[in-house]
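The values are calculated or read from the model by the stated rules, or taken from the named source; none is laboratory data. It should be emphasised that the depicted structure is a prediction, and the values quoted were computed from it without experimental measurement. FYI the Cβ positions are ideal-geometry reconstructions off the backbone, even for glycines, and counts take in every protein chain you see. Calculation scope for accessible area: heavy atoms of the full protein, side chains included, ligands and nucleic acids excluded. Shrake-Rupley method; radii C 1.70, N 1.55, O 1.52, S 1.80 Å.
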Amino acid sequence: RTTMKSLRFISAEAFVSNAEFARKNLGAVSHDLFPLLFKASYLLEQGEVIHDLVENWPLFDFNMGKLLGATLDYQEDLSHRTCSVCLENCLTGLRDYVLNQSSPYMKKLKVVDLTGIKDVEVQFCKCKKTMGRWARTQLLSKLCSELLVYLQQAQCNPGTSKISISVLIDLFVTERNYELVVQALLKKCSCPLKICCVGFRSDNLTLQKFFYIIKLTDSSLLRKLEIVHNVHLEMEHLEMLFNSIHFPLLMSLTLPARTFNVRRFTATDEQILTNIGEKMGEMRQLTELSMSFSVLTGRLQKLISPLKTPLKMLDVSNCSLNHADMAYLANSFHAYHLEALDLSGHDIPELYPSTFSKLLSHCSSVLRSLTLEDCNIQDTHVNMLILGLSPCQKLQEFKFIGNPLSSQALKYLFTFLCELPMLKNVEFPVPRDCYPIGITYPIDDASLCRFDHQKYERVAEELNLILLQANREDIKASTPLFGSYDAAVQETNNELGAYLIKSFKETLEKFTTSFNKMS
């Protein structure tokens, strides 16, 4: 699909396509053409031109999302292109903007917003090398530190120290880039480029380091907080976090696995849970909550009923919810506002079929994304599922891998899915009849790939044919066996893997020591 370009955009492409010519003549370009030239340079991956455009940026703000998004001159949105060449030149251009010896009175730039960059699985840039969120965090922190060293050593224009640019960014911190980011945040006051953290994700960090770095960020600006893999945050630590730091603008909160475990609750734990609920109730902007792989049985109401603002996104996958939890959710004011819901890992047809249908009917007018992985949905439940999904006319994404459905049931379901007008993405399971007879669900990782691949391919073709015959080529159907794409995990999987091996080794050593003592 080709996107129409205006004559202005075609002219901009022609201008930047010769990097040497463009760089020589930037001084003669009208200031209001810089955004146009930036998008054209980004599309053509003209790194040097991007660098010089940013180094000489003549406007008050530099917003990546707006600059690369759909414009009248070129409708295509380029914000999902995390091209390494383009982004590196963009950030080094920002550093050189500060160091450029032209009169500081010419420097108008006050705000740089890098939050509009989207990390996606398929990249269309020619270099095929991406710069993800972790690498952007790393490079910006490194450039801030370098800038300070240079300003201390060199004889800069006196006006340079007066430059103050807020750089809005979603930080991604792990053990590997922790020290660098800490240094950049500690020296923020002295640096002309001021890191303003509006989104924060941490993986592979000790609790001590997590608490230290989160206090260095300005929590009054934080809109999204993700504490994900290998940060051993438990309920009492979460209470400490909420008691010591105020998050007035927080809109989205993701908690690590096993933050809550009601199976070993004491009276003190009940009070802690109440306190956490009350603290979350004070976060008036909070509309997205993810707390997968915790044990929340019978406590969902206590945790989320204090919220004053209805949730738009809720992930309670593998949280051992019982009927009381589901009944509360279906009847709560949140139900009418949920745009994204993940109930994976719950035996929905067995435990609460009618309550689930009620929940779907309440959120049907707004629901965009529904995930029901490993929910024991069988052939006999397909009609119930279709009945529940029928009112969900705004549904864009439906994920239901890991359910024991036959090829026949999937074909029947796909025929219905074609009728959902806004549906774009479907993740479906390997049909049960492709696995050996007697396979048990949920399928363990060792058996996951042991299915008849040829038969699966034939079924997948038939399912795509159903979409084709209904003129629904716009629906992408796939079977990601090991879960959906996660840009953050993809970028740091080597570090994550090394951490898991180290943890396993330590556990094994402890076990061996205990065993030897017993012997």
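Tell me, please, whether a residue that is in a loop (DSSP other than H, G, I, E, B), over 14 Å from CYS319 (Cβ atoms) and aliphatic (A, V, I, L, M) can be found in region 260-281.
no
May I ask you to say which residue of LEU360, LEU370, LEU413, LEU385 is out of contact with any His (no Cβ under 6 Å at 6 or more places or on another chain) and either part of a strand (DSSP E or B) or modelled with pLDDT under 95 (or both)?
One residue alone meets the criteria, LEU370.
When you go through (1) open to solvent by 20 Å² or more (accessible area, probe 1.4 Å); (2) under 29 Å from ALA154 (Cα atoms); (3) modelled with pLDDT under 95 one by one for LEU26, which number turns out not to apply?
The single condition LEU26 does not satisfy is (1).
Output the residue which, of all residues in region 104-115 that are at pLDDT 95 or above and in a loop (DSSP other than H, G, I, E, B), is farthest from LEU171 (Cα to Cα).
Among residues in region 104-115 that are at pLDDT 95 or above and in a loop (DSSP other than H, G, I, E, B), the one farthest from LEU171 (Cα to Cα) is LEU109.
Which residue out of HIS80, HIS51, HIS31 is of a type outside the set (Val, Ile, Thr) and open to solvent by 80 Å² or more (accessible area, probe 1.4 Å)?
Sole residue among the options that is of a type outside the set (Val, Ile, Thr) and open to solvent by 80 Å² or more (accessible area, probe 1.4 Å): HIS31.
Taking the residues in region 454-473 that are more than 21 Å from ILE377 (Cβ to Cβ) and touching a residue at least 40 places away in the same chain (Cβ under 8 Å) as candidates, determine which candidate is surrounded by the fewest Cβ atoms within 10 Å (Cβ to Cβ).
Ranking the qualifying residues of region 454-473, first place goes to ALA470.
Would you confirm, using the coordinates I've provided, whether GLY345 is over 27 Å from LEU207 (Cα atoms) and either crowded, with 22+ Cβ neighbours inside 10 Å or touching a residue at least 12 places away in the same chain (Cβ under 8 Å) (or both)?
So GLY345 fits the description; yes.
Starting from residues that are closer than 18 Å to SER344 by Cα, open to solvent by 40 Å² or more (accessible area, probe 1.4 Å) and touching a residue at least 60 places away in the same chain (Cβ under 8 Å), keep the ones in region 477-492 and report whichever is nearest to the chain's Cα centre (by Cα).
Among those residues, the one meeting the criterion is TYR485.
Could you please let me know if LEU87 is under 29 Å from ALA488 (Cβ atoms) and either open to solvent by 20 Å² or more (accessible area, probe 1.4 Å) or at pLDDT 95 or above (or both)?
yes
Here are LYS24, LYS66: which of them is within 20 Å of LEU140 (Cβ to Cβ), in a helix (DSSP H, G or I) and either free of Cβ contacts under 8 Å to residues at least 24 places away in the same chain or of a type in the set (D, E, K, R) (or both)?
Exactly one residue qualifies, and that residue is LYS66.
Looking at (1) modelled with pLDDT of 95 or more; (2) among the polar types (S, T, N, Q); (3) closer than 30 Å to LEU109 by Cα, which is the only condition ASN243 fails?
(3)
How about region 220-232: which of its residues are buried (at least 16 other Cβ atoms within 10 Å of the Cβ) and either modelled with pLDDT under 95 or in contact with a Lys or Arg (Cβ under 9 Å, 6 or more places away or on another chain) (or both)?
Across region 220-232, the qualifying residues are LYS224, LEU225, GLU226, ILE227, VAL228, HIS229, ASN230, VAL231.
Which pairs do you get when a residue that is more than 15 Å from PHE398 (Cβ to Cβ), found in region 373-385, comes within reach of a residue that is among the basic types (Lys, Arg) and open to solvent by 50 Å² or more (accessible area, probe 1.4 Å), reach meaning Cβ atoms under 9 angstrom, with the pair 6+ apart or on two chains?
Once the first residue is more than 15 Å from PHE398 (Cβ to Cβ) and sits in region 373-385, its partners that are among the basic types (Lys, Arg) and open to solvent by 50 Å² or more (accessible area, probe 1.4 Å) give GLN378/ARG432; ASP379/ARG432.
Looking at region 436-453, which of the residues that are under 21 Å from VAL426 (Cα atoms) and open to solvent by 80 Å² or more (accessible area, probe 1.4 Å) is farthest from the chain's Cα centre (by Cα)?
Per the stated criteria, the residue is HIS453.
Could you go through region 272-282 and let me know if any residue there is charged (D, E, K, R), open to solvent by less than 40 Å² (accessible area, probe 1.4 Å) and modelled with pLDDT of 95 or more.
Within region 272-282 (the criterion being charged (D, E, K, R), open to solvent by less than 40 Å² (accessible area, probe 1.4 Å) and modelled with pLDDT of 95 or more), the answer is no, since none of the residues qualifies.
Just checking, which of SER332, SER305 is among the polar types (S, T, N, Q) and open to solvent by less than 40 Å² (accessible area, probe 1.4 Å)?
Every option except SER332 fails the conditions.
Is it the case that PRO310 is in contact with a His (Cβ under 8 Å, 6 or more places away or on another chain) and either surrounded by 17 or more Cβ atoms within 10 Å (Cβ to Cβ) or not hydroxyl-bearing (Ser, Thr, Tyr) (or both)?
Here the answer is yes, as PRO310 does meet what is asked.
Of the conditions (1) aromatic (Phe, Trp, Tyr); (2) part of a helix (DSSP H, G or I); (3) within 22 Å of the chain's Cα centre (by Cα), TYR150 fails just one. Which one is it?
Every listed condition holds for TYR150 apart from (3).
Across region 388-410, what is the total count of residues that are open to solvent by less than 10 Å² (accessible area, probe 1.4 Å), in a loop (DSSP other than H, G, I, E, B) and over 20 Å from VAL459 (Cβ atoms)?
Qualifying residue count, region 388-410: 2.
Could you list, in sequence order, the residues of region 447-477 that are part of a loop (DSSP other than H, G, I, E, B) and in contact with a helix residue (DSSP H, G or I) (Cβ under 9 Å, 6 or more places away or on another chain)?
Within region 447-477, PHE451, ASP452, ALA470, ARG472, GLU473, ASP474, ILE475 meet the criteria.
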